[in-house]
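First up is the structure itself, then whatever we jot down about it.
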Amino acid sequence: MNSVELAGIGMTSQRTRERLINRLTEQGITNQKVLDVIRSTPRHIFLDEALSHRAYEDTALPIGFSQTLSQPYIVARMTEILLSAGPLSKVLEIGTGSGYQSAILAQLVTEVHTVERIEPLLIKAKQRFRKLGLTNVSANLSDGCFGWEKQAPYDGIITTAAPQAIPEDLLSQLAPNGLLVIPVGSGESQDLRLVKRIEDSSEFDQIIVEKVKFVPLLSGLSR
Ligand code: SAH
């Protein structure tokens with residue numbers, strides 16, 4: 001990808017991106033590092049060309065296979081919450097989708113591991129990580145209902161699809177004091193929850209952050 005394509009023109013330009021950052025700030029996002037990474041990351045390359053002119057609107061957008069790239073506010077909020085206890089080294093994301101959330105995280109933590117159940121989405125996301133030169137993201141085709149045992153434990157886990165109840169494997173793959181940010185529930189509205197493992201025990205603190213709307217966490221793979 002050439003530099004003009006990455007920098008963006010017209011509706012994908014730096015000025016358009018700045019308006020998005022202003023909006024996120026107005027909505028209460030305060031972590032400057034998160035805002036800086038969102039400002040400098042080209043969201044338009046995570047969308048099909050026909051939709052790229054809408055990339056810097058604060059809205060969820062379709063990525064095919066009935067899936068969506070989350071609204072920038074939600075990406076910012078979940079990232080900010082995940083980072084709230086300090087810097088993280090190893091993070092697991094469930095639901096790679098377009099790869100946008102992984103790309104944001106990759107610039108804020110040491111290692112990102114991300115899993116997706118729909119193979120064609122995963123293939124495109126991997127191409128985008130390469131284009132952006134992100135070498136600290138490992139992306140895998142697997143059912144995130146089981147977390148990703150091979151790389152566990154994680155300082156942080158972020159789930160971008162909503163289960164009805166928190167999968168046990170996600171809790172068990174958290175490192176001591178690790179944080180899990182996850183939408184839980186079904187239908188039109190779910191609770192975004194923040195779960196913290198208490199030290200290295202099998203006990204967890206939990207708070208509800210706000211109401212959100214995510215696609216459902218589904219089981220099994222789709223090739
Ligand atoms: N983080 C993504 C959001 C994509 S939407 C982005 O920034 O674009 C949620 C994604 O979760 C979808 O791509 C969907 O296929 C995926 N998903 C749903 N259930 C899953 C599961 N059990 N394991 C892995 N991925 C899952």
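Observations
- Checklist (1) within 18 Å of Glu5 (Cα to Cα); (2) crowded, with 22+ Cβ neighbours inside 10 Å; (3) away from the ligand (no atom under 13 Å from the Cβ) applied to His53, failing item: (2)
- Residue in segment 143-158 that is open to solvent by less than 60 Å² (accessible area, probe 1.4 Å), in a strand (DSSP E or B), farther than 30 Å from Glu5 by Cβ and β-branched (Val, Ile, Thr) present: yes
- Of all residues in segment 11-39 being at pLDDT 95 or above and under 19 Å from Lys131 (Cβ atoms), the one that is farthest from the chain's Cα centre (by Cα): Arg39
- For segment 72-115, a residue qualifies if it is surrounded by fewer than 23 Cβ atoms within 10 Å (Cβ to Cβ) and basic (Lys, Arg), and exactly one does: Lys90.
- Residue match in segment 116-129 (condition: open to solvent by 50 Å² or more (accessible area, probe 1.4 Å), within 26 Å of Arg17 (Cβ to Cβ) and assigned to a loop (DSSP other than H, G, I, E, B)): no
- None of Gln190, Gln206, Gln173 is buried (at least 16 other Cβ atoms within 10 Å of the Cβ) and farther than 18 Å from Glu93 by Cα except Gln190.
- Considering the conditions (1) more than 24 Å from Leu20 (Cβ to Cβ); (2) of a type outside the set (Asp, Glu); (3) touching a helix residue (DSSP H, G or I) at 6+ places or on another chain (Cβ under 6 Å), Thr96 is excluded by exactly one of them, (1).
The values are calculated or read from the model by the stated rules, or taken from the named source; none is laboratory data. This structure is a prediction, so every number in the text was calculated from the model and none was measured. Cβ atoms come from the backbone with ideal geometry, glycine included; neighbour counts cover every protein chain shown. To get the accessible areas, we keep the full protein, side chains included, count just its heavy atoms, and leave off ligands, DNA and RNA. Shrake-Rupley method; radii C 1.70, N 1.55, O 1.52, S 1.80 Å.
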